[in-house]
């Protein structure tokens, strides 16, 4: 099939099969997303950071933990692209490996909280009544505390480390997803096709899993993408305070904490991980804005 015929097959107004309709809708979504230049820029940065994390062993020029005290606080040069830190460790190599830790924490948090928030929100919105009131009151308790403060409390109750930081951030990040899924479900449950599914004898579990939850996914994807920047900042904040990743792990927040006393003289040591955090946060914010414009019917 040529490119022209494939495009015509995807853009037809009268699809001959469900498969053609699904792929046609996906292609139209991509065309709409492609018109958002800033969103494409954010996507490019996000993909670049993920590639850096994935191929860190290949692109790192030094062992991120190797110390060279005779070459400490060296300026950026051909030998050390982004200079060295207070222990003579190569900053570029630590940034590359640090992307694995920071972005890995973000992915782990999203994989933990998105399904939980979606499930609880759909249950609360579909059943209503006492189930809704109970789940939403628990959600309100978590929302009453600032996310970073609550994460600090959870990490203090556990022990400092990457695993504890992921669990703490996950425990504080799920309520907005539950509230969003609940609001979407309360609208969806009143539609005619949900009533038709009930008339055919479909169980509540089947309706929620096969029909309600998929309808909530676009809004959830947008919210997750926009929240990734705050998850990155929370993870970096925990690392900066010494409650996240522990030295000598090259996590970006930890790198800033250990180098903050050099900010006036050897500025590149704390500034470069700060730029990495800024770039990652900006990328996901731009990407989320573009997805919101494309996936939200109210924005079309």
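Which condition does residue 8 not pass, out of (1) under 31 Å from the mean Cα position of the chain (by Cα); (2) assigned to a helix (DSSP H, G or I), if it passes all the others?
(1)
Restricting to segment 54-84, count the residues that are within 16 Å of residue 258 (Cα to Cα), more than 31 Å from the chain's Cα centre (by Cα) and outside any loop (DSSP other than H, G, I, E, B).
Number satisfying all stated conditions: 1.
Among the listed residues 54, 49, identify the single one that is modelled with pLDDT of 90 or more and surrounded by fewer than 15 Cβ atoms within 10 Å (Cβ to Cβ).
Matching residue, one of 54, 49: 54.
Can you spot a residue in segment 184-199 that is under 23 Å from the mean Cα position of the chain (by Cα) and surrounded by fewer than 15 Cβ atoms within 10 Å (Cβ to Cβ)?
no
Could you list all residues from segment 248-264 that are over 16 Å from residue 88 (Cβ atoms) and not in a helix (DSSP H, G or I)?
Result: 249, 251, 263, 264.
Any chance you could count how many residues in segment 187-217 are within 19 Å of residue 295 (Cβ to Cβ) and modelled with pLDDT of 85 or more?
9
Residue 87 versus (1) in a helix (DSSP H, G or I); (2) more than 26 Å from residue 47 (Cα to Cα): which is the lone unmet condition?
Every condition holds for residue 87 apart from (1).
The values are calculated or read from the model by the stated rules, or taken from the named source; none is laboratory data. Keep in mind the model is a prediction, meaning the values are calculated, not measured. Note that we place each Cβ from the backbone using ideal geometry, even for glycine, and neighbour counts take in every protein chain shown.
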